[in-house]
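A.B. asks: Submitted below is the structure of interest, expressed as structure tokens.
The values are calculated or read from the model by the stated rules, or taken from the named source; none is laboratory data. All of these numbers come straight from a predicted model, not from anything done at the bench. In this analysis, Cβ positions are derived from the backbone assuming ideal geometry, glycine residues included, and neighbour counts consider all displayed protein chains. To get the accessible areas, we keep the full protein, side chains included, count just its heavy atoms, and leave off ligands, DNA and RNA. Shrake-Rupley method; radii C 1.70, N 1.55, O 1.52, S 1.80 Å.
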Amino acid sequence: MPLLVGEVDLNSRPSAVTEFAGLFPHAEVVVQSGAGHFPWLDDADAFVAATAAFIG
């Protein structure tokens, strides 16, 4: 299960999301470069690529 977080998200910091991921078996953290709290607005193409990679 991937957890997607924006690299510069001030609300859900990557370090906090990484810690949170430790609560789930097989979780992985995907950090979207340059994105904030709304990664689909900051870089829609990168967000779609990360989502599509999860869906398969």
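A.B. asks: Sort 38-47, 18-27, 3-12 by packing, meaning the average of other beta carbons within 10 Å per residue, with the highest value first.
C.D. replies: 3-12, 38-47, 18-27
A.B. asks: Quick one: with all protein chains in place, what share of the accessible area of the chain is carbon or sulfur, to the nearest percent (1.4 Å probe)?
C.D. replies: On the way: 2450 of 3960 Å².
Roughly 62 percent, rounded to a whole number.
A.B. asks: Would you mind getting the accessible area per residue of the chain, heavy atoms of the protein chains only, 1.4 Å probe, in Å²? Could the numbers behind the result be given before it?
C.D. replies: On the way: 3960 Å² over 56 residues.
That works out to 71 Å² for each residue.
A.B. asks: Would you work out if the chain is rounded, prolate or oblate? Take a ≥ b ≥ c from the square roots of the eigenvalues of the alpha-carbon gyration tensor; rounded if a/c is under 1.5, else prolate when a/b is larger than b/c, oblate otherwise.
C.D. replies: On the way: a/c = 2.96, a/b = 1.16, b/c = 2.57.
Verdict is oblate for the chain.
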